[in-house]
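Chemist: This is the structure, below, for whatever I ask next.
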Amino acid sequence: MNYVRQFGGGSSEGRAKDKALLGGKGANLAEMASLGLPVPPGFTITTEVCRFVMEHGAGTYPDGLEAEVAAALARVEELTKTTFGDSSQPLLVSVRSGAPASMPGMMDTILNLGLNDTTVAALAAQSGNPRFAWDCYRRFVAMYGEVVLGVTSAEEHEPEPFDTILDEVKRKHRANRDQDLTEAALREAVALFKAEVLRVTGAPFPDDVRTQLWGAIGAVFQSWNNPRADVYRKLHNIPASMGTAVNVQVMVFGNLGDDCATGVAFTRNPATGSAELYGEFLINAQGEDVVAGIRTPEPINELARTLPAAHAELVRVAKLLEDHFRDMQDLEFTIQNGQLFMLQTRAGKRTGKAMIKVAVDLVAEGKLGHREAVMRIDPAKLDEVLHPTIDPKARPPAIGKGLPASPGAAIGRVVFTATAAEEWANKGERVLLVRTDTSPEDIHGMKAAVGILTARGGMTSHSAVVARGMGKCCVTACTSLRVDAAKKTAVFAGGALGSGKELRINEGDTLTLDGSTGEVFQGSAPLVPAQLGSELGQLMTWVDEIRTLHVRTNADTPTDARTARSFGAEGIGLCRTEHMFFQPERILAVREMILAADEAGRRTALAKILPMQRGDFAELFRVMDGLPVTIRLLDPPLHEFLPHTPQEIDEVAQQLGKPAQVIAAKVSELTEANPMLGHRGCRLAITYPEIYEIQAQAIAEAALEVNKAGVKVVPEIMIPLVMVPEELRRLRELVARTVDRVLAGSGITYTIGTMIELPRACVVADRIAEHADFFSFGTNDLTQTTFGLSRDDAGRFLPTYLDRGVLPADPFVAIDPEGVGALIELGVRGGRATKPGLKVGICGEHGGEPSSVEFCHRAGFDYVSCSPFRVPIARVAAARAALASEARK
Ligand code: PEP
Ligand code: MG
């Protein structure tokens, strides 16, 4: 067998490790079957076939596939004593996608395949339950009609055609719920569904079971390229070349009666990580009902009461699988006439909080080592636990409550369709996507929204699973909510909870969601900073033992510095001094300096700035007591500080006692066509040395002052945007002369280094290093200048580059290893050729992005520096990078 692998019936031709070929679902079905667990038999068509189809076009398959599928089907028939399309013992199968990377709900699935007017009668006779048989048939015709034959609604807010027909039938037969439909009503639904297929497609619904099977296989392969799968792949960096496998498996039925059920379970709580079997089930239902959130499912503990034997078996299997995979599992199961069948197991998606707790608990349980636990942490997901929640002391009354599907708090303006969410977000709005329930088509809207609220669903419905994966706040099953997407409005039936009045909200209204409690608030509720649990502290001790890369923070204010220190920052890697200039009480002095006619005028203004800067630096030294503080001297173009509008010019003229025309003339004199490439960085100090001189004096005096108070100061002075060694030689001399004068006899030591943020600086780094005690790569400017892409304007067209795959990732987010990375490596090599022990760090935005941190580790950096909230992320990424390079050795 080449393209098809079998599983079930006591053996399997694959294992969990074969995910690339069999997809996650297929590989784990094979693994479960080989462990002797109750898995309905079936077979997997490999991802190789998907790649073949993508290359050769829909419906073109490799030679021999048909014969392999026929042989695999024959084996399943033999194992189950059934025959595909048979009039007395028909074989029914499910056809499901299964990619190597988990993509929940993004691709297509068809259940109950093999039903037609003949086999449905056999199923009715066999089960003794004609209503059940016809219920399966109507589900199959609708699913197949939608997925394979493309009978769907044209607009996203319009109901699906088969749903509309079914609602009609329900009305006519006075059936409230799907379960209330009689056999006669279901027969009518099937007939109407088929008529709709004929009307829309011009061809009758296929009766031939092999035609059905190949139609479904083709559709599942095609669904790899559907828009929602595409969006999901981009979001999770899943390569399009991976392809999906197709799993064909014997159907088991959770809808044969009250001793049947279907459900999903996690071996631990996916929101909190606590060790309890957690999940939901529906009695007498098919799996799609749980995932789609059409009926509200019951919590798994209820199963112990309703079907105790099956519950006990599920508990046994769950433990066995978690122990086998040594990780929290997400299980799909069906109970048919009291007997449990496993349909899927995979590593469970979890919140950041659960991710940490599960890893730490598995270590405590002796199942994982420290290093493995660290490798289980997705650094980017830590974001969730580090983010603010609603202030418990100032909680407004809730206007609704649903299930706490994905934690954190989100404040945003309400929109009712995924498309609106995307449009509003593109205009810079923070939006909440509010829906009756979400479907995989909504993925682009969920991505654009800051939070998701649904009236239906559960903890494992589509919206919950996808939101959790994205680390986005989500509340599901808010049952008092009624959404009218077409009219762009919704009501909360209870009003303010308990008030009994109805509360209407319209598109654009602001709501706050609490994804940790499931509550919904009107307007924006006050937030408090994240509370870090003890598990994170425990994990971080392992992280710190493993990593070799130091993690500093970019901080301009004492508050930022304190936050960063509480997150474990080992110093400040970048203090942008100009950020201190924008405060209202300072900007005037800064403007006076810029507008001065000569050096004397500049010095007068700088004398006003000096004490303010000294105070700022002193406070930073105090907060960072004992840790290095890298202070960058003035960097941006001067005109950034100038008034621009006529009113601003008038105001400044008045404040400075100068005519408005003089100010206006100076502003236009300082205006540059390309300020980013203009008079900025150390170029300012080459022309006006007194600026750096006074800044250096402020740093030195601050160091001296706090040192006297017993604080250990480690000042590092950094000169930005150096392009030729001569700039640094001159400015180092200037700064050192000033600092030495102040610090003489104090015993305080300091260093002077430079930012490497221009390609030329990378190339001549060996000569720049002659004048530098350290290098800090400014990868924001280095990316800008290497690509020739404006940092400020690229956002307008870079998304197109990413969407169309011209660039694999945004180079302003993750270091571009081929271009910018190669220059950095050149710079490090050059610098250390001159000074072997040269300290090297990074302070561009990339310093907190996991793949870039890994790059820095490999390139031999001493430290990365990033924004305070990303410090824990960088620490974990640094540890994972250390483990990865150990593994490579
Ligand atoms: C950089 O260019 O990477 C950097 C840190 O400096 P700034 O962002 O202030 O230009
Ligand atoms: Mg820069």
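The values are calculated or read from the model by the stated rules, or taken from the named source; none is laboratory data. Predicted model only: the values in this text are computed from it and were never measured. With ideal geometry, Cβ positions are generated from the backbone for all residues, glycine too; neighbour counts draw on all protein chains shown.
Chemist: Among the residues of region 2-33, write down those that are under 18 Å from LEU79 (Cα atoms) and surrounded by fewer than 18 Cβ atoms within 10 Å (Cβ to Cβ).
Modeler: Hits for region 2-33 are GLY9, GLY10, SER11, GLU13.
Chemist: I would also like to ask the following. Can you tell me which residue is nearest to GLY831 (Cα to Cα) among those in region 794-812 that are within 16 Å of ligand 2 (Cβ to nearest atom) and either part of a helix (DSSP H, G or I) or out of contact with any Lys or Arg (no Cβ under 9 Å at 6 or more places or on another chain) (or both)? Quick ask: steps written out before the conclusion?
Modeler: We begin by selecting, within region 794-812, every residue within 16 Å of ligand 2 (Cβ to nearest atom); these are 794, 811-812.
Checking which are either part of a helix (DSSP H, G or I) or out of contact with any Lys or Arg (no Cβ under 9 Å at 6 or more places or on another chain) (or both) leaves us with 794, 811.
Values: ALA794: 31, PRO811: 24 Å.
Result: PRO811.
Chemist: Now for a separate question. Given GLY830, GLY844, which one is within 16 Å of ligand 1 (Cβ to nearest atom) and either at pLDDT below 95 or not polar (S, T, N, Q) (or both)?
Modeler: Working: GLY830 fails: within 16 Å of ligand 1 (Cβ to nearest atom).
None of the others qualify; the one that does is GLY844.
Chemist: Report yes if some residue within region 757-764 is within 16 Å of ligand 2 (Cβ to nearest atom), part of a helix (DSSP H, G or I), at pLDDT 95 or above and hydrophobic (A, V, I, L, M, F, W, C); otherwise report no.
Modeler: Restricting attention to region 757-764, the residues satisfying the condition of being within 16 Å of ligand 2 (Cβ to nearest atom) are 757-762.
Those still in the list that are part of a helix (DSSP H, G or I) too: 759-762.
Now drop any that are not at pLDDT 95 or above, which leaves 759-762.
Next, only the ones that are hydrophobic (A, V, I, L, M, F, W, C) stay: 761-762.
Checking region 757-764: at least one residue is within 16 Å of ligand 2 (Cβ to nearest atom), part of a helix (DSSP H, G or I), at pLDDT 95 or above and hydrophobic (A, V, I, L, M, F, W, C).
Chemist: Does GLU146 satisfy the condition of being of a type outside the set (Val, Ile, Thr), within 33 Å of the chain's Cα centre (by Cα) and part of a loop (DSSP other than H, G, I, E, B)? Before you say what the answer is, go through the steps one by one.
Modeler: Values: of a type outside the set (Val, Ile, Thr): yes; within 33 Å of the chain's Cα centre (by Cα): yes; part of a loop (DSSP other than H, G, I, E, B): no.
So GLU146 does not fit the description; no.
Chemist: While we're here: Among the candidates ALA881, ALA833, single out the residue that is more than 24 Å from MET676 (Cβ to Cβ), touching an Asp or Glu at 6+ places or on another chain (Cβ under 9 Å) and surrounded by fewer than 15 Cβ atoms within 10 Å (Cβ to Cβ). First the steps, then the outcome.
Modeler: Numbers: ALA881 fails: surrounded by fewer than 15 Cβ atoms within 10 Å (Cβ to Cβ).
Checking each option against the conditions leaves just ALA833.
Chemist: Name the residues in region 765-793 that are within 15 Å of ligand 2 (Cβ to nearest atom) and either of a type in the set (Phe, Trp, Tyr) or in a helix (DSSP H, G or I) (or both), would you?
Modeler: In the first step, residues of region 765-793 are kept if they are within 15 Å of ligand 2 (Cβ to nearest atom); the result is 775-787, 789-792.
Answer for region 765-793, where residues must be within 15 Å of ligand 2 (Cβ to nearest atom) and either of a type in the set (Phe, Trp, Tyr) or in a helix (DSSP H, G or I) (or both): PHE775, PHE777, THR779, ASN780, ASP781, LEU782, THR783, GLN784, THR785, THR786, PHE787.
Chemist: Among the residues in region 416-429, are any under 18 Å from VAL520 (Cα atoms) and touching a residue at least 24 places away in the same chain (Cβ under 8 Å)?
Modeler: Our first condition is that a residue be under 18 Å from VAL520 (Cα atoms); within region 416-429, this holds for 416.
Okay, now just the ones that are also touching a residue at least 24 places away in the same chain (Cβ under 8 Å), so 416.
Yes, region 416-429 contains a residue that is under 18 Å from VAL520 (Cα atoms) and touching a residue at least 24 places away in the same chain (Cβ under 8 Å).
Chemist: Identify, please: which residue in region 847-878 is modelled with pLDDT under 95 and not in a helix (DSSP H, G or I) and is, among those, surrounded by the most Cβ atoms within 10 Å (Cβ to Cβ)?
Modeler: Filtering first and then ranking leaves CYS866.
Chemist: In region 790-802, which residues are within 15 Å of ligand 1 (Cβ to nearest atom) and buried (at least 17 other Cβ atoms within 10 Å of the Cβ)?
Modeler: Once the filter is applied, which keeps residues that are within 15 Å of ligand 1 (Cβ to nearest atom) and buried (at least 17 other Cβ atoms within 10 Å of the Cβ), region 790-802 yields only ALA794.
Chemist: Can you confirm whether GLY841 is buried (at least 23 other Cβ atoms within 10 Å of the Cβ), within 16 Å of ligand 2 (Cβ to nearest atom) and either assigned to a loop (DSSP other than H, G, I, E, B) or of a type in the set (Gly, Ala, Ser) (or both)?
Modeler: Details: buried (at least 23 other Cβ atoms within 10 Å of the Cβ): yes; within 16 Å of ligand 2 (Cβ to nearest atom): yes; either assigned to a loop (DSSP other than H, G, I, E, B) or of a type in the set (Gly, Ala, Ser) (or both): yes.
Taking the combined requirement at face value, the residue satisfies it.
Chemist: Out of region 666-684, which residues are free of Cβ contacts under 8 Å to residues at least 60 places away in the same chain, away from ligand 1 (no atom under 16 Å from the Cβ), part of a helix (DSSP H, G or I) and surrounded by 13 or more Cβ atoms within 10 Å (Cβ to Cβ)?
Modeler: Residue satisfying the conditions is VAL667 alone.
Chemist: Please go through region 32-56 and pick out each residue that is free of Cβ contacts under 8 Å to residues at least 24 places away in the same chain and under 32 Å from the mean Cα position of the chain (by Cα).
Modeler: PHE52, GLU55
Chemist: Checking GLN126 against (1) surrounded by fewer than 18 Cβ atoms within 10 Å (Cβ to Cβ); (2) more than 23 Å from PHE333 (Cβ to Cβ): exactly one of these is not met. Which one?
Modeler: Against the list (1) surrounded by fewer than 18 Cβ atoms within 10 Å (Cβ to Cβ); (2) more than 23 Å from PHE333 (Cβ to Cβ), GLN126 comes up short only on (2).
Chemist: Quickly run through region 152-171 and pick out the residues that are more than 14 Å from ARG139 (Cα to Cα) and not in a helix (DSSP H, G or I).
Modeler: Listed by number, the residues that qualify are THR152, SER153, ALA154, GLU155, GLU156, HIS157, GLU158, PRO159.
Chemist: Ok, one more. Can you tell me how many residues within region 58-80 are without any contact (Cβ under 8 Å) to a residue 40 or more places away in the chain, of a type in the set (D, E, K, R) and more than 11 Å from LEU91 (Cα to Cα)?
Modeler: 2
Chemist: Need a quick list: helices (runs of 4 or more DSSP H) entirely within region 223-330 having at least 3 residues that are touching a residue at least 60 places away in the same chain (Cβ under 8 Å) and closer than 30 Å to ASP514 by Cα.
Modeler: Numbers: elements: 227-235, 287-292, 301-306, 308-325.
So the answer is 227-235, 287-292.
Chemist: Can you find a residue that is more than 16 Å from ligand 2 (Cβ to nearest atom) and not in a helix (DSSP H, G or I) anywhere in region 689-704?
Modeler: No: region 689-704 contains no residue that is more than 16 Å from ligand 2 (Cβ to nearest atom) and not in a helix (DSSP H, G or I).
Chemist: Give the residue that is nearest to ligand 2 (Cβ to nearest atom), with candidates limited to residues of region 624-643 that are part of a loop (DSSP other than H, G, I, E, B) and in contact with a helix residue (DSSP H, G or I) (Cβ under 7 Å, 6 or more places away or on another chain). Even if it seems obvious, please write down each step before you answer.
Modeler: Narrowing region 624-643 to residues part of a loop (DSSP other than H, G, I, E, B): 624-627, 633-637, 642-643.
Remaining after also requiring in contact with a helix residue (DSSP H, G or I) (Cβ under 7 Å, 6 or more places away or on another chain): 624, 633-637, 642-643.
Values: MET624: 22, LEU633: 12, LEU634: 12, ASP635: 6, PRO636: 9, PRO637: 12, LEU642: 20, PRO643: 24 Å.
Looking at residues that are part of a loop (DSSP other than H, G, I, E, B) and in contact with a helix residue (DSSP H, G or I) (Cβ under 7 Å, 6 or more places away or on another chain), I get ASP635.
Chemist: Further question: With the requirement that a residue be within 16 Å of ligand 2 (Cβ to nearest atom) and of a type in the set (A, V, I, L, M), what does region 573-605 give you?
Modeler: Residue satisfying the conditions is LEU574 alone.
Chemist: Report yes if some residue within region 647-654 is surrounded by fewer than 16 Cβ atoms within 10 Å (Cβ to Cβ), in contact with a helix residue (DSSP H, G or I) (Cβ under 8 Å, 6 or more places away or on another chain) and free of Cβ contacts under 8 Å to residues at least 12 places away in the same chain; otherwise report no.
Modeler: Taking every residue of region 647-654 in turn, at least one turns out to be surrounded by fewer than 16 Cβ atoms within 10 Å (Cβ to Cβ), in contact with a helix residue (DSSP H, G or I) (Cβ under 8 Å, 6 or more places away or on another chain) and free of Cβ contacts under 8 Å to residues at least 12 places away in the same chain.
Chemist: Let me ask something else. On the basis of being within 15 Å of ligand 1 (Cβ to nearest atom), more than 28 Å from ALA696 (Cβ to Cβ), polar (S, T, N, Q) and buried (at least 21 other Cβ atoms within 10 Å of the Cβ), does THR786 make the cut?
Modeler: On the way: within 15 Å of ligand 1 (Cβ to nearest atom): yes; more than 28 Å from ALA696 (Cβ to Cβ): yes; polar (S, T, N, Q): yes; buried (at least 21 other Cβ atoms within 10 Å of the Cβ): yes.
Criteria met by THR786.
Chemist: Here's something else I'd like to know. Among the residues of region 536-554, is any surrounded by fewer than 16 Cβ atoms within 10 Å (Cβ to Cβ) and either among the small types (Gly, Ala, Ser) or under 30 Å from SER668 (Cβ atoms) (or both)?
Modeler: Here is the first cut: in region 536-554, the residues surrounded by fewer than 16 Cβ atoms within 10 Å (Cβ to Cβ) are 537, 541, 544-545, 548.
Okay, now just the ones that are also either among the small types (Gly, Ala, Ser) or under 30 Å from SER668 (Cβ atoms) (or both), so 537.
Checking region 536-554: at least one residue is surrounded by fewer than 16 Cβ atoms within 10 Å (Cβ to Cβ) and either among the small types (Gly, Ala, Ser) or under 30 Å from SER668 (Cβ atoms) (or both).
Chemist: Would you mind stating whether LEU198 is of a type in the set (A, V, I, L, M), surrounded by fewer than 17 Cβ atoms within 10 Å (Cβ to Cβ) and at pLDDT 95 or above? Full working, then the answer.
Modeler: Working: of a type in the set (A, V, I, L, M): yes; surrounded by fewer than 17 Cβ atoms within 10 Å (Cβ to Cβ): yes; at pLDDT 95 or above: yes.
The answer is yes for LEU198.
Chemist: Here is a further query. Can you tell me which residue in region 730-756 is farthest from ligand 2 (Cβ to nearest atom), limited to those that are more than 19 Å from ASP635 (Cβ to Cβ) and among the basic types (Lys, Arg)?
Modeler: ARG741
Chemist: Can we say LEU633 is of a type in the set (A, V, I, L, M), within 16 Å of ligand 1 (Cβ to nearest atom) and under 15 Å from ARG576 (Cα atoms)? Lay out the reasoning, then the answer.
Modeler: Numbers: of a type in the set (A, V, I, L, M): yes; within 16 Å of ligand 1 (Cβ to nearest atom): yes; under 15 Å from ARG576 (Cα atoms): yes.
Taking the combined requirement at face value, the residue satisfies it.
Chemist: Within region 729-751, work out how many residues are among the aliphatic types (A, V, I, L, M) and either within 16 Å of ligand 1 (Cβ to nearest atom) or within 18 Å of LYS712 (Cα to Cα) (or both). Lay out the reasoning, then the answer.
Modeler: Here is the first cut: in region 729-751, the residues among the aliphatic types (A, V, I, L, M) are 731, 734-736, 739, 742-744, 748.
If we keep only those that are either within 16 Å of ligand 1 (Cβ to nearest atom) or within 18 Å of LYS712 (Cα to Cα) (or both) too, we end up with 739, 742-744, 748.
Adding up the residues that qualify gives 5.
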